[in-house]
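Colleague: What follows is a structure written as structure tokens; I'll ask about it next.
Just so it is clear, none of the values below were taken in a lab; they were calculated from the coordinates. In this text the structure is predicted, and so the values were computed from the model without any measurement. Note that each Cβ is placed from the backbone with ideal geometry, even for glycine, and that neighbours are counted across all protein chains shown.
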Protein chains: 2
Amino acid sequence: MQLQLHTPLDMHLHLRQGEMLQNIAKCSSDFFSGAIIMPNTVPPVTTKEQLLGYKREILNNTSGFTPYMTLFFKNDYDKTFLQSVRDELTAIKLYPAGITTNSEGGVSGFGIEELEPTLQAMSELGIPLCIHGESDGFVMDREAEFMPIYESIAKNFPDLTIIMEHITTKAAVETLQKYDNLFATITLHHLYITLDDVAGGMLQPHLFCKPIAKRPEDKAALQSVAFSGHEKVMFGSDSAPHPRDKKESCGCAAGVFTAPVALPALAQIFEQNGALDKLQAFIGDNARRIYGVQAPEKTVTLEKKPFEVAQTYGGVVPMFAGQTLEWSVVQ
Amino acid sequence: MQLQLHTPLDMHLHLRQGEMLQNIAKCSSDFFSGAIIMPNTVPPVTTKEQLLGYKREILNNTSGFTPYMTLFFKNDYDKTFLQSVRDELTAIKLYPAGITTNSEGGVSGFGIEELEPTLQAMSELGIPLCIHGESDGFVMDREAEFMPIYESIAKNFPDLTIIMEHITTKAAVETLQKYDNLFATITLHHLYITLDDVAGGMLQPHLFCKPIAKRPEDKAALQSVAFSGHEKVMFGSDSAPHPRDKKESCGCAAGVFTAPVALPALAQIFEQNGALDKLQAFIGDNARRIYGVQAPEKTVTLEKKPFEVAQTYGGVVPMFAGQTLEWSVVQ
């Protein structure tokens, strides 16, 4: 059995910089037509020069791949600046300060007045806002506690396209459906795992991520919207490579590296849930409509043939390392 | 400021075997008069010969320390056997199969009929039952889901002393108070941490344990009964050493090693909560009454003086490694 995916997109990707980028960019560009590139580099991407430099670095290390560039949200981006970078910019990513890897320079207050200057300019220029939606509360409650902020932004900026990134809860799935201008990405790993997989048996650092995987009923809610091909949800891997010694150590960094396994693992879980016909919507069609992007055509053929996942790709341990998936990419 | 603790007891301790035991037994015997020794060795302690051999091994590696020995629960211990071992036995520990380290041979069904032969004999002989109370459900729900089993055993064997081991939830604190024959141990780490400390920032393998640390309201409930000196709760460290490479790796083993820091860390948190006068009840008096044990007298003096916790003791990384506690043991 074969399956053709047309112009697959990864709407949430961490490619890092320098040597790590050189080692792992191919794991995305081999399989995806393009991806939204997260700006939480060191330092974060906040100027046109950085954005163009980072884009160049990505293009130099990939082929046939469109990096959709983003800026790291700041309260004081003015309209003139955003206009000057508009042609190179696909979205702006908002991080609460300190909530995840390299997010120290993020936002510490979510009052509409504080956010208004940048959000108003974005709304007028039609620049989508991507949000890492977590409070600084108890780890299992952080996403649910952020819902009022999503609602407040959605209400106050009805023309702004808002992406709830890597949603992990039933609460987020419900909020998503309340406002026309809310959309969401869902990762591969949150379709597969709950906290049980991270900490229910032995502790599994390679499945430790932010937001942390939640409860079985949360996973079921994510699966439900993904497997139905819901028009407001898109695949965003949040694939986040860390060197092995930063994962298997005291104080493991958050992030699951899924780029090399994403398409086969998605095909497997969509098929197992009788939703293979909805994968095309999830993996590209919805994203193109929500973002209005036109990625260069690229067809990726998958085949139902065992795929033995390697222990590392580019030196990074992927999800399903050493395991066998049911689908392979025909190369 | 000084504080004298009279005959402190650790009512839940893992000393392991062989080289590990030789390396870490002193971390308990230096500070405690005695401890309930968990029987989940490899193989588990199920015969009189094993029990006496293990006791000898502990005595050979400690001084001034009473190991209160336990058997690993089996459904088919008969009264004759239990009578023959009664003088050497302080309690029997029941593990659900596969729920934690070396518990593969534990119980798989909790029907009263299955448990009845051993429990009836224990009840008649006055042998306390210690239970690791977790279901095989979602990791955050496992303890709460076990409450009906505690209740069923407590109701069916009203003369049996039942210890709910290392309780971690508000649900367990509530159940504890419903039956006269239910008692509980509380660990050091569950008085200090929630899941946030394990997985809310970086992943902290040295704080990963079973039962996993729960929510803030659960910690508050445990603190409330411990700091009030509640007569049904006792200190049980569940100190569980693992080699460093089993903790800081892919698939980290569950267990927090607290023996070397337990008394100073308890003094600190009891003092911070205005409960220093209740520590003696928690650290020994309640246990002596509940178990009816008479440990040899031993006075341990603590002083409010900074204690720099080492990176390892006996090669094992302790809780608070490299941190400074406010209290020291006067040696």
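Colleague: So if R0 is 56 Å, what FRET efficiency would residue B:124 and residue A:17 give, r being the distance between their Cβ atoms, rounded to the nearest 0.05? Could you put the intermediate results ahead of the total?
Modeller: Working: r = 70 Å, r/R0 = 1.26.
After rounding, the FRET efficiency stands at 0.20.
Colleague: Can you give me the angle between helix B:18-29 and the longest principal axis of chain B, using Cα atoms only, in degrees from 0 to 90, rounded to the nearest 10?
Modeller: Rounded to the nearest ten degrees, it is 70.
Colleague: Placing unit charges on C-beta atoms (Lys and Arg positive, Asp and Glu negative, everything else neutral), compute the dipole magnitude of chain B about its Cα centre in debye, rounded to 20.
Modeller: Working: 27 positive and 39 negative charges, 119 e Å.
Computed about the Cα centre, the dipole is about 580 debye.
Colleague: Additional query: Using r as the Cβ-Cβ distance of residue A:220 and residue A:289, and R0 as 30 Å, what FRET efficiency do you calculate, to the nearest 0.05?
Modeller: Numbers: r = 26 Å, r/R0 = 0.86.
After rounding, the FRET efficiency stands at 0.70.
Colleague: PRE reach from residue B:331 (point 7 Å along Cα→Cβ): which of the range B:234-259 fall under 17 Å by backbone N?
Modeller: The answer is B:258-259, whose backbone nitrogens lie closer than 17 Å to the label point.
Colleague: Next question, about the same structure. Got a sec? How would B:248, B:174 order by Cβ neighbour count within 10 Å, fewest to most?
Modeller: Details: B:248 19, B:174 12.
By the 10 Å Cβ count, ascending: B:174, B:248.
Colleague: Place +1 on the Cβ of every Lys and Arg and -1 on the Cβ of every Asp and Glu in chain B, take the dipole about the Cα centre, and give the residue among B:200, B:270, B:107 whose Cα lies farthest towards its positive end.
Modeller: B:270
Colleague: May I pose another question? Going by alpha carbons, how many degrees (0 to 90, nearest 10) lie between the helix axis of B:147-156 and the longest principal axis of chain B?
Modeller: Once rounded, the angle reads 50 degrees.
Colleague: Compute the signed sum of charges (Lys and Arg +1, Asp and Glu -1) over the other residues within less than 13 Å, Cβ to Cβ, of residue A:63.
Modeller: On the way: positive: A:26, A:298; negative: A:30.
Cβ neighbours under 13 Å give a net charge of +1.
Colleague: Evaluate the charge dipole of the protein assembly as shown about its Cα centre and quote only its size in Debye, nearest 20, assuming +1 on the Cβ of each Lys and Arg and -1 on the Cβ of each Asp and Glu.
Modeller: Details: 54 positive and 78 negative charges, 171 e Å.
Dipole magnitude for the protein assembly as shown comes out near 820 debye.
Colleague: So, one more: Around residue A:124, under 10 Å between beta carbons, what's the net of Lys plus Arg minus Asp minus Glu among the other residues? Walk me through the numbers on the way to the answer.
Modeller: Details: positive: A:79; negative: A:159.
Result for the local shell: 0.
Colleague: In what sequence, highest mean first, do B:126-133, B:166-173 appear when ranked by Cβ atoms within 10 angstrom?
Modeller: Details: B:126-133: 22.8, B:166-173: 24.9.
Peptide ranking by packing, descending: B:166-173, B:126-133.
Colleague: Return the whole-Å distance between the Cα centroid of the range A:141-214 and the Cα centroid of the range B:286-319.
Modeller: Their Cα centres are 43 Å away from one another.
Colleague: Please give the average number of partner chain Cβ atoms lying within 10 Å of the Cβ of each residue in A:249-256, rounded to a whole number. All intermediate terms of the calculation are to be shown ahead of the outcome.
Modeller: Working: counts 6, 12, 7, 8, 2, 4, 0, 0.
Mean partner-chain Cβ count within 10 Å for A:249-256: 5.
Colleague: If you don't mind, there's one more thing I want to ask. Per DSSP H run of at least 4 residues, take -39500 (n - 2.57); add these up for chain B, divide by its residues and hand me the 222 nm value, nearest 500 deg cm²/dmol.
Modeller: Values: 13 runs with 109 residues, N = 331.
After summing the helix terms and dividing by the residues of chain B, the value is -9000 deg cm²/dmol.
Colleague: How far apart are the residue B:19 label points across copies, placing each 7 Å from Cα toward Cβ, in nm, shortest first?
Modeller: Output for residue B:19: 3.3 nm, nearest copy listed first.
Colleague: I would also like to ask the following. Counting only other chains, what is the mean number of Cβ atoms within 10 angstrom of the Cβ of each residue in peptide B:200-209?
Modeller: Values: counts 8, 5, 10, 16, 4, 8, 2, 2, 3, 2.
Partner Cβ neighbours, averaged per residue: 6.
Colleague: Once amide H atoms are built 1.01 Å from N in the peptide plane, which residues 5 or more positions from residue A:239, or in another chain, come under 5 Å H to H?
Modeller: Here A:14, A:258 satisfy the definition.
Colleague: Would you be so kind as to identify which of A:70, A:29, A:44 lies farthest towards the positive end of the dipole of the range A:28-115, taking Lys and Arg as +1 and Asp and Glu as -1 on Cβ and the Cα centre as origin?
Modeller: A:29
Colleague: How big is the charge dipole of the range A:1-80 about its Cα centre, in debye rounded to the nearest 20, if each Lys and Arg gets +1 on its Cβ and each Asp and Glu gets -1 on its Cβ? Numbers along the way, then the final one.
Modeller: Details: 7 positive and 7 negative charges, 18 e Å.
Rounded to the nearest 20 debye, it is 80 debye.
Colleague: Mind giving me the nanometre distance, one decimal, between the label points for residue B:324 and residue B:6, set 7 Å out from Cα along Cα→Cβ?
Modeller: 3.4
Colleague: Once the dipole of chain B is set up with Lys and Arg at +1 and Asp and Glu at -1 on Cβ about the Cα centre, which of B:323, B:173, B:191 lies farthest towards its positive end?
Modeller: B:323
Colleague: As I understand it, the value is the acute angle between the Cα axis of helix B:112-125 and the longest principal axis of the Cα atoms of chain B; what does it come to in degrees, rounded to 10?
Modeller: Result, in degrees: 80.
Colleague: Further question on the same structure: Taking the label point 7 Å from Cα in the Cβ direction, how far apart in nm is residue B:156 from each other copy of itself, listed shortest first?
Modeller: In ascending order, 5.9 nm.
Colleague: So who's got an amide H within less than 5 Å of the one on residue B:234, skipping anything under 5 residues away but keeping other chains? H placed 1.01 Å off N, in plane.
Modeller: Answer set, sorted by chain and number: B:184, B:185, B:186.
Colleague: In nm to one decimal, list the spacings between the residue B:117 label point and its equivalents in the other copies, with label points set 7 Å along Cα to Cβ, shortest first.
Modeller: 7.9
Colleague: Would you mind putting A:145-151, A:189-195 in packing order, based on average other-beta-carbon counts within 10 Å, highest first?
Modeller: On the way: A:145-151: 18.4, A:189-195: 22.7.
The densest-packed peptide leads the list: A:189-195, A:145-151.
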